[in-house]
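Participant: First, the structure itself, so that you have it in front of you.
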Amino acid sequence: MSQIVTRFAPSPTGFLHIGGARTALFSYLLAKSQGGRFELRIEDTDRERSTPEATQAILDAMQWLDLQPDGETVFQHARADRHNEVIEQLLASGNAYYCDCTKEQVDAMRETARAQGKKPKYDGSCRERGLGPGPGRVVRLKTPLQGSVAYNDMVKGPIATACEEMDDMILRRSDGTPTYNLAVVVDDHDMGVTHVLRGDDHVNNTPRQILIYRALEWDVPEFGHVPMILGPDKKKLSKRHGALSVMEYQSMGYLPEAVVNYLARLGWSHGDQEVFTREELEQLFSVEHLGSSPSVFDTKKLEWLNAQYIVQADLNRLADLVLDVIREEAGDQEAANVDRDVLLRALPLLQPRAKTLVELAEASQFFLVDVSHLQYDEKAVNKFLKPDSLALLAEYTTALRGLDRFEEEALEALTKEFVEQRELKFKAIAQPIRVSITGRTASPGLFETMVVLGREQTLARLDRVQDFGL
Ligand code: GLU
């Protein structure tokens, strides 16, 4: 079999939403799993609703998800001449005709059909009139009067539509612009697309598009329609269920590979496997395992996957991403002040506890600030830094100052000895130390935290809390 070609064909009327990203991903994976090509076409024919910002937002999101098309991006609007050339071809072959019926006339035809209990549609009254071009005239396809259009949907299985169900659809509007169905067919054909995978909001267009392929005697591609994504309440996914734009997931601190993995599993499965490398997805994806019922968006699962990817992420990359979050939230100066080495040493302690990069940045904060800027949680201070704890901490700080090697085992041995000598429980000193050096009651392991902070910062923080007793 020759190489397969798939495509993603978004209309640039807004950001790339989660559903669109999933369609793009499935099309991408379908191509890659069969050694094929994945193309991108921006369907910007609606000049009023399409914006360059939206086009850029889609390109940025695809880049973030690493769904790079194999060829040059095609812009549909730039192909209007070609669309018109094909419309002329259809007119010349007798498969299309001019129609001068007004909107009111067409509405009346629909009304009449409805009154007779028939499907409301344009009645074909201009089919045999032999009209030529003229102002206000549209071009329509001559839909066969009998027969049906049947195809085997890659996701939904066999679908057949009787021709009499379908209008003589408009191919060119009266303002001279080609319609969506015509443009899509011409572009898919010219781009060599062999497999069209798209949202099932297009399932009604497919038999119409197949009629255009037939009229042009072009090979008909395979079609597949992916069901939509629902919110946890089983209603259409919307803003109230969380974010809709892919890039909002970036701002919320998700890694692109987690989003890709999550979207791949949203409607596709491979046994019980949940975590997939990109290579695995590219090898294992198959349309046979695409579900035909709608999937429910599950933020908890996305968080869980994100946590898995954070644990595995390369430290240098993670440091860059955490710095991006700090820059975003606290400004360039704050990010520039970060000691990257401290961050790199702190990250392995924080990785197992973070669900997002935003959490990671937040959790790393106490490592990165100087003692004078450390924020103390008031409740934690009131509970754990009472005068008797401060007195104990002062003795502990003196003991710590004498320690030769500022390493985990040595710190642990010293602390153990310190509590044993005083017949105290470990926790009598552990929380006061933790609050002193981190400002909070939850942190990674005490001794590893001290090592990452280093002798100087640890002692400076223990010294600082003595001021709380004044
Ligand atoms: N441009 C259409 C949309 O964004 C998709 C067309 C297609 O995939 O055939 O809904």
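The values are calculated or read from the model by the stated rules, or taken from the named source; none is laboratory data. All figures in this text were calculated on a predicted structure; none of them were measured in a lab. Using ideal geometry, Cβ is built from the backbone for each residue, glycine included, and neighbour counts are taken over all protein chains shown.
Participant: Within region 290-334, restricting attention to residues that are among the acidic types (Asp, Glu) and in a loop (DSSP other than H, G, I, E, B), which residue is surrounded by the most Cβ atoms within 10 Å (Cβ to Cβ)? If you could, list the steps in order and put the result at the bottom.
Facilitator: The first filter runs over region 290-334 and keeps only residues among the acidic types (Asp, Glu), leaving 298, 303, 314, 320, 324, 328-329, 332, 334.
Next, only the ones that are in a loop (DSSP other than H, G, I, E, B) stay: 298, 314.
Working: Asp298: 14, Asp314: 8.
The selected residue is Asp298.
Participant: Can you tell me which residue among Val419, Val381 is β-branched (Val, Ile, Thr), assigned to a helix (DSSP H, G or I) and within 15 Å of Arg464 (Cβ to Cβ)?
Facilitator: Val381
Participant: Now for a separate question. Give the residue that is surrounded by the most Cβ atoms within 10 Å (Cβ to Cβ), with candidates limited to residues of region 136-162 that are within 29 Å of Glu85 (Cα to Cα) and among the charged types (D, E, K, R).
Facilitator: Arg140
Participant: For region 70-93, does any single residue satisfy the condition of being more than 30 Å from Leu263 (Cβ to Cβ), in a loop (DSSP other than H, G, I, E, B) and in contact (Cβ under 8 Å) with a residue 24 or more places away in the chain?
Facilitator: yes
Participant: Please determine whether any residue of region 362-381 is of a type in the set (Ser, Thr, Tyr), in contact with a Gly (Cβ under 6 Å, 6 or more places away or on another chain) and at negative phi.
Facilitator: Among the residues of region 362-381, at least one is of a type in the set (Ser, Thr, Tyr), in contact with a Gly (Cβ under 6 Å, 6 or more places away or on another chain) and at negative phi, which makes the answer yes.
Participant: If you don't mind, another one. Evaluate region 98-115: report whether one residue or more is crowded, with 20+ Cβ neighbours inside 10 Å, more than 30 Å from Pro69 (Cα to Cα) and of a type in the set (Ser, Thr, Tyr).
Facilitator: The answer is no, given that none of the residues of region 98-115 is crowded, with 20+ Cβ neighbours inside 10 Å, more than 30 Å from Pro69 (Cα to Cα) and of a type in the set (Ser, Thr, Tyr).
Participant: Within region 388-406, identify whether any single residue is at pLDDT 95 or above, closer than 23 Å to Leu349 by Cβ and under 47 Å from the mean Cα position of the chain (by Cα), and answer yes or no.
Facilitator: Checked against the condition, which is being at pLDDT 95 or above, closer than 23 Å to Leu349 by Cβ and under 47 Å from the mean Cα position of the chain (by Cα), region 388-406 yields at least one hit.
Participant: Does Ser269 meet the test of being at pLDDT below 95 and among the polar types (S, T, N, Q)?
Facilitator: Here the answer is no, as Ser269 does not meet what is asked.
Participant: Just one of (1) among the hydrophobic types (A, V, I, L, M, F, W, C); (2) surrounded by fewer than 16 Cβ atoms within 10 Å (Cβ to Cβ); (3) in contact (Cβ under 8 Å) with a residue 12 or more places away in the chain; (4) under 21 Å from Pro352 (Cα atoms) trips up Ala428, so point out which.
Facilitator: (4)
Participant: Take region 423-460 and flag every residue that is closer than 23 Å to Leu360 by Cβ, in contact with a Lys or Arg (Cβ under 7 Å, 6 or more places away or on another chain) and among the hydrophobic types (A, V, I, L, M, F, W, C).
Facilitator: Those that are closer than 23 Å to Leu360 by Cβ, in contact with a Lys or Arg (Cβ under 7 Å, 6 or more places away or on another chain) and among the hydrophobic types (A, V, I, L, M, F, W, C): Ile437, Leu446, Val452.
Participant: May I pose another question? Small (Gly, Ala, Ser), in contact (Cβ under 8 Å) with a residue 40 or more places away in the chain, part of a helix (DSSP H, G or I) and farther than 16 Å from Ile437 by Cα - does that describe any residue in region 356-367?
Facilitator: Scanning region 356-367 turns up at least one residue that is small (Gly, Ala, Ser), in contact (Cβ under 8 Å) with a residue 40 or more places away in the chain, part of a helix (DSSP H, G or I) and farther than 16 Å from Ile437 by Cα.
Participant: Sticking with this one: Is one or more of the residues making up region 50-68 over 26 Å from Leu321 (Cβ atoms), of a type in the set (Asp, Glu) and more than 14 Å from the ligand (Cβ to nearest atom)?
Facilitator: Scanning region 50-68 turns up no residue that is over 26 Å from Leu321 (Cβ atoms), of a type in the set (Asp, Glu) and more than 14 Å from the ligand (Cβ to nearest atom).
Participant: Give just the number: which of (1) assigned to a strand (DSSP E or B); (2) in contact with a helix residue (DSSP H, G or I) (Cβ under 6 Å, 6 or more places away or on another chain) does Asp44 not satisfy?
Facilitator: Failing condition for Asp44: (1).
Participant: Test Phe223 against the stated conditions and say whether it is surrounded by 14 or more Cβ atoms within 10 Å (Cβ to Cβ) and farther than 30 Å from Asp167 by Cα.
Facilitator: When the stated conditions are applied, Phe223 does not pass them.
Participant: Restricting to region 39-67, and then to whatever is small (Gly, Ala, Ser) and surrounded by fewer than 21 Cβ atoms within 10 Å (Cβ to Cβ), can you tell me which residue is nearest to Val184 (Cα to Cα)?
Facilitator: Ser50
Participant: While we're looking at this one, here's another question. Test of understanding: among Arg110, Arg114, which residue is assigned to a helix (DSSP H, G or I), modelled with pLDDT under 95 and in contact with a Phe, Trp or Tyr (Cβ under 8 Å, 6 or more places away or on another chain)?
Facilitator: None of the others qualify; the one that does is Arg110.
Participant: Do you know which residues across region 280-298 are among the polar types (S, T, N, Q) and closer than 17 Å to Met228 by Cβ?
Facilitator: Correct list: Ser292, Ser293, Ser295.
Participant: Considering only region 193-241, state which residues are of a type in the set (Phe, Trp, Tyr) and more than 29 Å from the chain's Cα centre (by Cα). Please lay out each step first, then the result.
Facilitator: Keep residues of region 193-241 that are of a type in the set (Phe, Trp, Tyr), which gives 213, 218, 223.
Across region 193-241, the qualifying residues are Tyr213, Trp218.
Participant: For the subset of region 1-32 comprising residues that are aromatic (Phe, Trp, Tyr) and not in a strand (DSSP E or B), which member is surrounded by the most Cβ atoms within 10 Å (Cβ to Cβ)?
Facilitator: Only one residue tops the list, namely Tyr28.
Participant: Let me ask something else about it. Among the strands (runs of 3 or more DSSP E) lying completely within region 142-223, list those that include at least 1 residues that are within 12 Å of the ligand (Cβ to nearest atom).
Facilitator: Where strands (runs of 3 or more DSSP E) fall fully within region 142-223 and carry at least 1 residues being within 12 Å of the ligand (Cβ to nearest atom), they are 195-199.
Participant: Let me ask something else about it. Out of Leu211, Leu197, I need the residue that is out of contact with any His (no Cβ under 7 Å at 6 or more places or on another chain), surrounded by 22 or more Cβ atoms within 10 Å (Cβ to Cβ) and within 11 Å of Arg7 (Cα to Cα). Which one?
Facilitator: Numbers: Leu211 fails: within 11 Å of Arg7 (Cα to Cα).
Within the list Leu211, Leu197, the selection yields Leu197.
Participant: Name every residue in region 224-235 that is within 15 Å of the ligand (Cβ to nearest atom) and either part of a strand (DSSP E or B) or within 17 Å of Tyr180 (Cα to Cα) (or both), in order of residue number.
Facilitator: Gly224, His225, Val226, Ile229
Let's see how each residue does on (1) surrounded by 13 or more Cβ atoms within 10 Å (Cβ to Cβ); (2) of a type in the set (Ser, Thr, Tyr); (3) over 30 Å from Leu255 (Cα atoms):
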position: Glu362; (1), (2), (3): yes, no, no
position: Val369; (1), (2), (3): yes, no, no
position: Leu374; (1), (2), (3): yes, no, no
position: Glu378; (1), (2), (3): no, no, yes
position: Lys386; (1), (2), (3): yes, no, yes
position: Thr397; (1), (2), (3): yes, yes, yes
position: Leu400; (1), (2), (3): yes, no, yes
